[in-house]
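Just below is one structure, and these are the notes that go with it.
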Amino acid sequence: MVWLYIALFMVALVLGILDVPQWMFLLIFIPFASGILYLTIYPVVLSRDIDKVMSFLMKSKHPHYQFTYYFFNGELNEAEREIPKIRSKQIKTVDEIILLTRQGDFASAKKLLPALKDSVYKWYYGAMIAIHEGEQSEYKHYKRSVKDKTYLTFLDIEEKIREGKKSEALAMVEEQMKKLRGVKLLSAIHYKKEIIGR
């Protein structure tokens, strides 16, 4: 990936020395920028091939992606070791909440919620923690704020499980998996395995 930045720098330097018009520079810059975005974002957001997503996460040097890789492989101790390396406070907090909810420590996860900015993650995990703790009014409060259809469906699936309708919940996950891509698809696959294991 570094070679793309070096190549872009070299091309920009040569074009600058030759005093090439700006539109020519843009003709070169736009494909380079597109290539960089494709290599860094496509597997995580748009890929339907789970092996490609996992391979990308495994090879990535970004601590959040490493956390995600270890988490979905069930290596929770390794995932926990990646959290302190994450620079963004919001991503670090979200990853801590994900790990704590997976470990069943909902009380500790709940204490971290106020550290999150108002976002889909705060509302979704707040609702998920509340439903596990049996706090129905708090659950409804958080669920009302969730606008992302995927997360709303996951909450509906959790409700079905609580009602004892495990087969309906699995059918909903299967239906959801047809629509999802990237890490969200990986989450749905992981969630399905978790439901089956309950």
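Summary table
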quantity	calculated
Overall form of region 56-107 per C-alpha gyration tensor (a/c, 1.5; a/b vs b/c)	oblate
Pairwise centroid distance, computed over Cα atoms, of region 129-182 with region 22-94, Å	26
FRET E, pair L26, L46, Förster distance 22 Å, beta-carbon r, rounded to 0.05	0.30
Region 139-146 - phi-based ³J(HN,Hα) in whole Hz, Karplus 6.51/-1.76/1.60, Gly and Pro as x	4, 5, 4, 5, 4, 4, 7, 6
Percentage relative contact order, the chain, counting C-alpha pairs under 8 Å, at least six apart	17
Residue order, fewest to most beta carbons within 10 Å, for M58, M10	M10, M58
Packing-based exposure ordering (other Cβ within 10 Å, fewest first) of I196, I157, I91	I196, I91, I157
Efficiency of FRET from Cβ geometry, N73 and L13, R₀ 45 Å, rounded to 0.05	0.60
Value at 222 nm in deg cm²/dmol, rounded to 500, when DSSP H runs of n ≥ 4 in the chain each add -39,500 (n - 2.57)	-25000 deg cm²/dmol
Pairs from K110/K147; K147/K192; K59/K143; K117/K143; K149/K192; K52/K143 whose Cα-Cα separation, in the structure shown, is over 25 Å	K59/K143; K52/K143
Most fluctuating residue given options Q90, Q22, Q103, as computed from a GNM of the chain linking Cα atoms under 10 Å	Q22
Gaussian network model of the chain, Cα within-10 Å springs - most flexible of I28, I97, I86	I28
Residue among V14, V44, V146 with the largest mean-square fluctuation in a Gaussian network model of the chain, springs linking Cα atoms under 10 Å	V14
DSSP-loop GluC sites (Glu not before Pro) across region 89-198, with at most 10 other Cβ within 10 angstrom	E163
Convex hull volume of the chain per residue (C-alpha atoms, cubic angstrom)	147
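FYI, it's all coordinate maths here, none of it is from the lab. None of the values given here were measured: they were computed from a predicted structure. In this analysis, Cβ positions are derived from the backbone assuming ideal geometry, glycine residues included, and neighbour counts consider all displayed protein chains.
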